[in-house]
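As structure tokens, the structure follows; a few thoughts come after it.
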Amino acid sequence: MAQQKILLVEDEEMTARLILYRLKAMGFDTYHARDGLDGFDMIKKIKPDLVVLDVMLPGKSGFEILQDLQEDSEFDSSDIKVIMLSNKKRVEDVSRGFQLGAMEYVPKPFKMDEFLLRLNRVLNN
């Protein structure tokens with residue numbers, strides 16, 4: 001079986017390094033985009049099994065990325081699972097993430113072990 005591909009779209013360097021380190025150690029094939037525009041392009045190019053998507057990004061927000069993927073008639077985003085990361089903890093933001101197709105919404109700061117449990121649950125769902 002091929003390694004599962006995970007794309008992390010995160011502009012906070014320390015957060016990205018920690019997540020990527022743990023995912024690589026777990027055997028995942030990892031990719032990283034530092035802004036929303038590159039993240040959107042990489043999703044379409046790589047077609048990852050899972051996207052870990054920050055909400056507040058330079059260029060294009062995580063919400064905008066999900067909206068644009070849904071509206072793209074040439075791309076089927078239904079096979080891609082999404083976990084959103086965010087400092088935004090308001091119910092409206094969490095609800096919007098789920099409405100746009102996210103399977104999990106993880107508020108920052110988060111405990112890495114809890115994040116990895118959620119990630120595994122989403123991947124195996």
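Only the coordinates and a few stated rules stand behind these numbers; no lab work does. Please read all numbers here as calculations on a predicted model, not as lab measurements. Methodologically, a virtual Cβ is constructed for each residue, glycine included, from the backbone with ideal geometry; neighbour enumeration extends over all protein chains shown.
Name the long-range amide H neighbours of Tyr105: under 5 Å, sequence gap of 5 or more, or other chain; modelled H, no Pro or chain starts.
So Tyr105 has HN proximity to Met84.
Based on alpha-carbon centroids, what's the gap between the range 8-29 and the range 48-125 in Å, whole number please?
Computed from Cα coordinates, the inter-centre distance equals 15 Å.
Quick one: net charge around Gln99, please, counting Lys, Arg +1 and Asp, Glu -1 for every other residue with C-beta under 15 Å from its C-beta.
-3
If Lys and Arg each add +1 and Asp and Glu each add -1, what is the summed charge of the other residues whose beta carbon sits under 12 Å from the beta carbon of Asp76?
With Lys, Arg at +1 and Asp, Glu at -1, the neighbours total -1.
Who wins for biggest fluctuation among Arg17, Arg90, Arg34 in a Gaussian network model of the chain, springs between alpha carbons below 10 Å?
Arg90
Straight-line reach only, C-alpha to C-alpha below 18 angstrom: list the aspartates and glutamates that Lys47 could link to, leaving out same-chain residues fewer than 8 apart.
The reachable aspartates and glutamates, counting only those whose Cα sits under 18 Å from Lys47, are Glu10, Asp29, Asp35, Asp38, Glu64, Asp68, Glu71, Asp72, Glu74, Asp76, Asp79.
Mind checking the dipole of the range 5-123: about its Cα centre, +1 per Lys or Arg Cβ, -1 per Asp or Glu Cβ, Debye to the nearest 20?
For this selection, approximately 520 debye.
Spin-label point model (7 Å from Cα, Cβ direction): what's the Asp35 to Glu64 distance in nm?
Between Asp35 and Glu64, the label points sit 1.1 nm apart.
Anything in the chain that counts as a DSSP H helix reaching 24 Å or more along its axis (C-alpha) with Kyte-Doolittle mean of at least 1.0? List them, would you? Walk me through the numbers before you get to the answer.
Working: long enough: none.
Once both thresholds are applied, nothing remains.
Between Glu13 and Ser78, what length in nm is gained on full extension when 0.36 nm per residue of separation is reduced by their alpha carbon distance?
20.5 nm
So how far apart, in nm, are the two label points at Ile46 and Asn125 if each is 7 Å from Cα heading toward Cβ?
With each label placed 7 Å out from Cα toward Cβ, I get 2.1 nm.
Could you tell me how many cubic angstrom of Cα convex hull volume the chain has per residue? List each step's numbers first, then the result.
Working: hull volume 12.5 nm³, N = 125.
Spelled out: Cα convex hull of the chain, divided by residues, is 100 Å³.
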